[in-house]
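Peer 1: Shown below is the structure under consideration.
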Amino acid sequence: GNSVTQMEGPVTLSEEAFLTINCTYTATGYPSLFWYVQYPGEGLQLLLKATKADDKGSNKGFEATYRKETTSFHLEKGSVQVSDSAVYFCALANAGGTSYGKLTFGQGTILTVHP
Amino acid sequence: SAVISQKPSRDICQRGTSLTIQCQVDSQVTMMFWYRQQPGQSLTLIATANQGSEATYESGFVIDKFPISRPNLTFSTLTVSNMSPEDSSIYLCSVANLPGQGNTEAFFGQGTRLTVV
């Protein structure tokens, strides 16, 4: 079956530091890949997505590239801010599915950014 | 996007009782889902709520424990039955495939934080 593995957390950084959160997956076919973010006290929000190999998703300074050869979708940001403190989830949806709603999530990575 | 309202936002319940969680969407949607997020863990799909028919449950989840209703395209309920402390989790409603937008990503409600004592 499908699975998603994220780097162990929590991750603590100083403001303006470079961020990488690793994500690798196991799936049949060519899944669509997502990063969701959960800010303190809020619901889950889509941060970015990529639906085919070599696609790069980007939003709010965050980027992730769909690497089929390494089955990875690492999240990066060049300069983090305190407001980026949140829990980040990598997720995939089955290839060929009729909906992106049936998601398999990674375990989540807690990011804390200090001033 | 879609606006998803869940009720209640949180509750503390006695073991052996049941709680029904409501999910209301501001537009008609094809696909609705229920997820569980156990403390310190990731989200796990419980079931797909099908309009007009029985829900489709994922492995490890059964209808007797988590009955789901979906009477129309904007509303669904999830009941957590005969609760035990192990059911303490955040339960989230999710929708996808918004009307006129094809295969869209999933949107989530704020979640219902359930504590069973």
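The values are calculated or read from the model by the stated rules, or taken from the named source; none is laboratory data. Keep in mind that what you see is a predicted model, and the values were worked out from it rather than measured. Cβ sites come from the backbone with ideal geometry, for glycine too, and all protein chains shown count toward neighbours. SASA here: full protein model, heavy atoms, side chains in, ligands and nucleic acids out. Shrake-Rupley method; radii C 1.70, N 1.55, O 1.52, S 1.80 Å.
Peer 1: I need the full set of residues from region A:36-65 which are among the hydrophobic types (A, V, I, L, M, F, W, C), away from chain B (no Cβ under 13 Å) and under 11 Å from the mean Cα position of the chain (by Cα), in order please.
Peer 2: Answer for region A:36-65, where residues must be among the hydrophobic types (A, V, I, L, M, F, W, C), away from chain B (no Cβ under 13 Å) and under 11 Å from the mean Cα position of the chain (by Cα): A:PHE62, A:ALA64.
Peer 1: So, in region B:53-65, exactly how many residues are over 22 Å from B:GLU86 (Cα atoms) and assigned to a loop (DSSP other than H, G, I, E, B)?
Peer 2: Adding up the residues that qualify gives 3.
Peer 1: How many of the residues making up region A:58-77 are in a loop (DSSP other than H, G, I, E, B) and open to solvent by 10 Å² or more (accessible area, probe 1.4 Å)?
Peer 2: Selection size over region A:58-77: 7.
Peer 1: Just the residues that are at pLDDT 95 or above and not in a strand (DSSP E or B), please, taken from region B:78-110.
Peer 2: If the condition is that a residue be at pLDDT 95 or above and not in a strand (DSSP E or B), then B:SER81, B:ASN82, B:MET83, B:SER84, B:PRO85, B:GLU86, B:ASP87, B:SER88 are the ones that fit.
Peer 1: Tell me, which residue of region A:96-107 that is at the interface with chain B (Cβ under 7 Å from one of its Cβ atoms) and assigned to a strand (DSSP E or B) is modelled with the highest pLDDT?
Peer 2: A:PHE105
Peer 1: Right, here's the next one. Any residue in region A:1-20 that's under 19 Å from A:ARG67 (Cα atoms): show its pairings with residues that are of a type in the set (Gly, Ala, Ser) at Cβ separation under 7 Å, as long as the two are six or more apart or on different chains.
Peer 2: These pairs meet every condition: A:ASN2/A:ALA27; A:VAL4/A:ALA91; A:VAL4/A:GLY106; A:THR5/A:GLY106; A:GLN6/A:GLY106; A:GLN6/A:GLY108.
Peer 1: Scanning region B:12-46 for residues that are under 17 Å from B:GLU86 (Cβ atoms), out of contact with any Leu (no Cβ under 6 Å at 6 or more places or on another chain) and away from every other protein chain (no Cβ under 14 Å), which turns out least open to solvent (accessible area, probe 1.4 Å)?
Peer 2: Of everything passing the filter in region B:12-46, B:LEU19 is least open to solvent (accessible area, probe 1.4 Å).
Peer 1: Go through (1) facing chain B (nearest Cβ under 10 Å); (2) open to solvent by less than 30 Å² (accessible area, probe 1.4 Å); (3) touching a Pro at 6+ places or on another chain (Cβ under 7 Å) one by one and return the number of the condition A:ILE110 breaks.
Peer 2: (2)
Peer 1: I've got another one for you. Taking only region B:1-52 into account, find how many residues are assigned to a loop (DSSP other than H, G, I, E, B) and of a type outside the set (Lys, Arg).
Peer 2: Kept after step one, since they are assigned to a loop (DSSP other than H, G, I, E, B), are these residues of region B:1-52: B:1-3, B:8-9, B:14-18, B:26-30, B:38-42, B:50-52.
Cutting the leftovers down to of a type outside the set (Lys, Arg) gives us B:1-3, B:8-9, B:14, B:16-18, B:26-30, B:38-42, B:50-52.
Counting residues in region B:1-52 that are assigned to a loop (DSSP other than H, G, I, E, B) and of a type outside the set (Lys, Arg) gives 22.
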